[in-house]
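Heads up, the thing below is written out as structure tokens.
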Amino acid sequence: MTTRATVIGVGHYLPDRIVENHEFADGLDGVIDGTIKLDTSDDWIRSRSGIERRHFAAAGQTTSDLAVKACEAALADAGLVADDIDAIVLATSTADLTFPSAATMVQDKLGMTQGFAFDVQAVCAGFVYALTNANALIVSGQAKRVLVIGAETFSRIMDWTDRGTCVLFGDGAGALVLEAQEGSGTNADRGILASDLNSDGRYRDILYVDGGTSTGQTGFLRMEGREVFRHAVEKLASTANTSLAKAEMTAEQIDWVVPHQANIRIIAGTAKKLGLPMDRVVTTVQDHGNTSAASIPLALSVGKARGQIKPGDVVVTEAIGGGLAWGSVLLRW
Ligand code: UT7
């Protein structure tokens, strides 16, 4: 018998405020003091990225607040309560404070009085890193049930004068409940079948936040979009194929690709490279924008709610972000 980390619940939360593309050009109030008004258009944002709208957290609403709501939905979906959970692994680059971890804040807000909680920081690849770490905790017997969360408030690290970045990102959270279940050890098992993680710090300057302990300020996101784009399709298809090879599976066996939702052109390019049609890809980028580490669990939750992802389906998630860091997780839902 082989222990498999199996998804038994999923949920998400999006803040109430929805901002449509045209609002950036028309004048957007209530996000910062004053009005955001950019030389941009709905047509540019939509045609270059596929994004139509995104959600922004309310003043005072933090990453851990969004995460808690996603966890409550995931726990309800699993029919569990917080004290049934042994560990929380939270992927984020926008934790409420430098420390303690946002995960311990979620632990407290859920009323969970035992177990352990920590954050994982691999930017947009954070959720595949978190899933891989949670899988290791379960397979090694250190935890039986793990809440794996991606939660972000990227609206807090936007330079609202930089039209090349601030129209692309949004806020939100998604969560999975993973449980140790016994499998046969073959790729017919439900649960995580394989994963692949990579990073290459030589590319750290093409996507970063210009703040932290070195500046004493939180800082703003800086991105050379075209350069990141250049790396994305190739590395995403390659990592998905590596996970498939580890599980002795092929792309034809994939029911759903659930990619990081940064840009519809990257999503489509990767699907094409994998030889898969777009009707096997879950896309939420049009409604959420790029929510960094939250985008994959959001898409998994929305994909299930839409009736796309069903028990037994083979799902591959893949993501790339600052670092560069990238990776994939292959699982049977
Ligand atoms: O999640 C982490 C990973 N991140 C990503 O995967 C993002 C990867 N990159 C991308 O998605 C795309 O590169 C972007 C959507 C960021 C940009 O699309 P692009 O087709 O690469 O455009 P570009 O950066 O080459 O800019 C084209 C033009 C420029 O003008 P010039 O130099 O051609 O005159 C920009 O100044 O578009 C201009 N531009 C804009 N115009 C209107 C840039 N931002 C805007 C804007 N509205 N918001």
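Coordinate-derived values only; no laboratory data. All values derive from a computational prediction rather than experimental measurement. As a convention, Cβ positions derive from the backbone with ideal geometry for all residues, glycine included, and neighbour counts pool all protein chains shown.
Zone of K246 (label point 7 Å along Cα→Cβ, backbone N under 12 Å): which residues in the stretch 299-333?
Backbone N within reach: 317, 327-331.
Please turn the phi angles of the stretch 89-106 into ³J(HN,Hα) values with the Karplus equation 6.51 cos²θ - 1.76 cosθ + 1.60 (θ = phi - 60°), one per residue in order, whole Hz, x for glycine and proline.
Coupling constants for the stretch 89-106: 10, 10, 8, 7, 10, 10, 4, 3, 9, 4, 8, x, 4, 4, 4, 6, 5, 5 Hz.
Can you compute the helix-only [θ] at 222 nm over the chain? Use -39500 (n - 2.57) per DSSP H run of at least 4 residues, normalise by all residues, nearest 500 deg cm²/dmol. Please report the intermediate quantities before stating the final value.
On the way: 10 runs with 103 residues, N = 333.
Taken over the chain, the calculation gives -9000 deg cm²/dmol.
For A91, list long-range residues whose amide hydrogen, built 1.01 Å from N in the peptide plane, is under 5 Å from its own amide hydrogen.
Long-range HN contacts for A91: V120, I149, G150, A151.
Toward the positive end of the charge dipole of the chain, about the Cα centre and with charges on Cβ (Lys, Arg +1; Asp, Glu -1), which of H260, V146, M112 goes farthest?
It is H260.
If R0 is 56 Å, what FRET efficiency do you get for Q217 and Q253 from their C-beta distance, rounded to 0.05?
In this case the efficiency is close to 0.75.
If R₀ is 51 angstrom, what is the calculated FRET efficiency for the pair R265 and E182, using the beta carbon separation as r and rounding to 0.05?
After rounding to 0.05, the efficiency reads 0.75.
Starting from 0.36 nm per residue, how many nanometres of slack lie between E227 and D33 once their C-alpha separation is accounted for?
66.6 nm
If the chain between A76 and F116 were fully stretched, how many nm would it gain, using 0.36 nm times the residue separation less the Cα-Cα distance?
Answer, rounded to one decimal: 12.4 nm.
Cα centroid distance between the stretch 279-299 and the stretch 120-159, in Å?
Here the answer is 16 Å between Cα centres.
If packing is taken as the average count of other Cβ atoms within 10 Å, what order do 4-17, 23-36 fall into, highest mean first?
Working: 4-17: 22.1, 23-36: 14.3.
Answer by packing, highest mean first, reads 4-17, 23-36.
Taking amide H positions as placed in the peptide plane 1.01 Å from N, state which residues far from D96 in sequence (5 or more) or on other chains have amide H under 5 Å from it.
Correct list: T63, S64, A102.
Quickly rank 231-240, 139-148, 110-119 as a protection proxy: mean count of other C-beta atoms within 10 Å, highest first. List each step's numbers first, then the result.
Details: 231-240: 21.3, 139-148: 19.6, 110-119: 16.5.
Order by mean packing, descending: 231-240, 139-148, 110-119.
Please give every one of the lysines within straight-line cross-link reach of K272, meaning a C-alpha to C-alpha distance under 27 Å, and leave out same-chain neighbours fewer than 8 residues apart.
Excluding near neighbours in sequence, the set is K235, K246, K304, K310.
State the dimensionless ratio Rg/Rh of the stretch 2-183 (Rg: radius of gyration of Cα atoms; Rh: Kirkwood radius).
Result for the stretch 2-183 is an Rg/Rh of 1.04.
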